[in-house]
Amino acid sequence: MYLSLINCNAIISNEDWFKAQKIKGTMKYLPPRANTSKISFLCGLVKCGKCGGNLVTQGSKNSYGVQYYYLICSNKRNLGASVCDNKMIDVSKLEDIVISDMKKRFNSKNVTKKINAYVKNNKNKDIEKLNKKEHLENSVVKLNLQIDNLINSIAESNEFTLKYINKKVEELEKEKQSILQQISSLNISNDENEEIIEYIRNIDEKLNSNDFNELKNLCKAVIDRIVITDENIDIHYKI
């Protein structure tokens, strides 16, 4: 720490300056929220194939003062190359590669086939989820019966058995709550499937759009993740 004293006219008073420093000291640095970048419509989807971290945008200017952007592994940027040495990739280059690949994958000849396969696959998944849900709901019914029987036996219990009953009821309630959480986590025929299908039906128009939000929503709808290493770019689709 250094203190420098100079002879000059103050812009603000010492009192105001110290007040400002006190306020500044109470403010915490908050990094930008993930997946909110306006630089690339692929942000939030790109993963590092070496360490598993997210790739984030970073800007730079060349010797001519031209601004350009690239994606860099967040672990490499924050912790250094000793943690991750994955190479950076130019944002516009990656976007062109992804758009080109999507046009090939969802061309007019095979888009109907992909929609039908996706619908069939999700119907099979929904049947599995329905069977699982029915099994879990039956388990909840059985647990409720056990709890009711224990509660009904309280009137005839002594001090020793009362402690046992209370403990057992508590255990059964925890088990029931765990099962109810599993049931609530089962998404059957959710709106996301319909949204994906709708995007694919009109995908040509969206792929040729220059609208940032349109392209971002499209990529988010049909792409699960994009995994990048020094040698490969692997696009994992939802459909």
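The values are calculated or read from the model by the stated rules, or taken from the named source; none is laboratory data. Keep in mind that this is a model prediction, so the values were computed, not measured. All Cβ positions, even for glycine, are placed from backbone atoms using ideal geometry, and neighbour counts span all protein chains on display. Ligands, DNA and RNA are stripped out before the accessible areas are found, and what is left, the full protein with its side chains, is counted by its heavy atoms. Shrake-Rupley method; radii C 1.70, N 1.55, O 1.52, S 1.80 Å.
Here are the numbers for this structure:
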| item | result |
| --- | --- |
| Label-point separation, ASP224 to ASN144 (7 Å along Cα→Cβ), nm | 3.6 nm |
| Inter-site label distance for LYS87 and ASP101 at 7 Å from Cα along Cβ, in nm | 1.6 nm |
| Relative packing of 83-89, 13-19, 206-212, which averages over residues the other C-beta atoms within 10 Å, highest first | 83-89, 206-212, 13-19 |
| Accessible surface ranking that places the most exposed of ILE151, ILE179 first, with a 1.4 angstrom probe | ILE151, ILE179 |
| Separation of the ASN131 and SER157 label points, Cα + 7 Å toward Cβ, nm | 3.8 nm |
| Peptide ranges 129-142, 45-58 listed from the most packed, as the mean C-beta count within 10 angstrom indicates | 45-58, 129-142 |
| Distant-in-sequence amide H partners of LYS238 (H built 1.01 Å from N, under 5 Å) | ILE223, ASP224 |
| Order by protection proxy (mean Cβ within 10 Å, highest first), peptides 167-174, 217-224 | 217-224, 167-174 |
